[in-house]
Amino acid sequence: MRIRVITTGGTIDKVYFDAKSTYEVGEPLAGEVLREAGVAFEYEVEPVMRKDSLEITPEDRARIREAVERCPEARVVVTHGTDTMAETGRALAGIPGKTVVLTGAIQPGRFRSTDAPFNLGFAVAAVQILPPGVYLAMNGRVFDPFRVRKNLRTNRFEAVEPRPRSG
């Protein structure tokens, strides 16, 4: 089995600069985490963009969707910022024959105390066992992108009931 890892930026790839007291999205961390873990599957890391998720536009989401649609792998992990991850998940819905799992991190992956390696590993496991569709893998749980929200108070994702459609 071969897995495609599409990277888009977000906190998982952020780098802290002391002199500026700011974060910037750096090089993708996914390949490094997978190499260090010594995974026993083939993978390809494809950087699509390096943005904070609050800066991702509808055009960016279309680029992410195109990358997922055109890759030959049926199993795809997308690393993404957590603030708009569910929105991107919803934009990826309906791609036939693909299992897509979005994940990210609350703390930058290069921090000593971070959820990045756990979330990435969990997403890799999820993408291998879930049926085709789009999912979010965060905090040790798998979510439907239409039934999830990020709780800013607890810094965790939680399931929610879908909003009724008007009309």
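Structure notes:
- Identification of helices (runs of 4 or more DSSP H) wholly contained in the range 15-101 with 2 or more residues that are modelled with pLDDT under 90 yields 30-37.
- Long-range neighbours under 7 Å by Cβ, at least six apart or interchain, first residue touching a residue at least 12 places away in the same chain (Cβ under 8 Å) and acidic (Asp, Glu) within the range 35-52, second part of a helix (DSSP H, G or I) and surrounded by 12 or more Cβ atoms within 10 Å (Cβ to Cβ): Glu46/Ala67
- Selection within the range 31-59 - over 21 Å from Glu73 (Cα atoms) and surrounded by 16 or more Cβ atoms within 10 Å (Cβ to Cβ): Arg50, Lys51, Asp52, Ser53, Ile56
- Options Thr99, Thr82; residue that is touching a Gly at 6+ places or on another chain (Cβ under 6 Å), in contact (Cβ under 8 Å) with a residue 24 or more places away in the chain and not acidic (Asp, Glu): Thr82
- Residue within the range 128-141 that is surrounded by 17 or more Cβ atoms within 10 Å (Cβ to Cβ) and under 20 Å from Glu32 (Cα atoms) present: yes
- Across the range 142-163, the qualifying residues are those that are among the aliphatic types (A, V, I, L, M) and either farther than 16 Å from Gly81 by Cβ or free of Cβ contacts under 8 Å to residues at least 40 places away in the same chain (or both), and the one among them that is surrounded by the most Cβ atoms within 10 Å (Cβ to Cβ) is Val142.
- Residues in the range 1-14 that are at pLDDT 70 or above and either in contact with a Gly (Cβ under 8 Å, 6 or more places away or on another chain) or farther than 27 Å from Cys71 by Cβ (or both): Val5, Thr8, Gly9, Gly10, Thr11, Ile12.
- Residue among Thr99, Thr57 that alone is out of contact with any Phe, Trp or Tyr (no Cβ under 7 Å at 6 or more places or on another chain) and within 18 Å of Gly10 (Cα to Cα): Thr57
The values are calculated or read from the model by the stated rules, or taken from the named source; none is laboratory data. Just so we're clear, the structure is a prediction, and the values are computed from it rather than from any experiment. Positions of Cβ are generated from backbone atoms using ideal geometry, with glycine treated the same way; all protein chains shown enter the neighbour counts.
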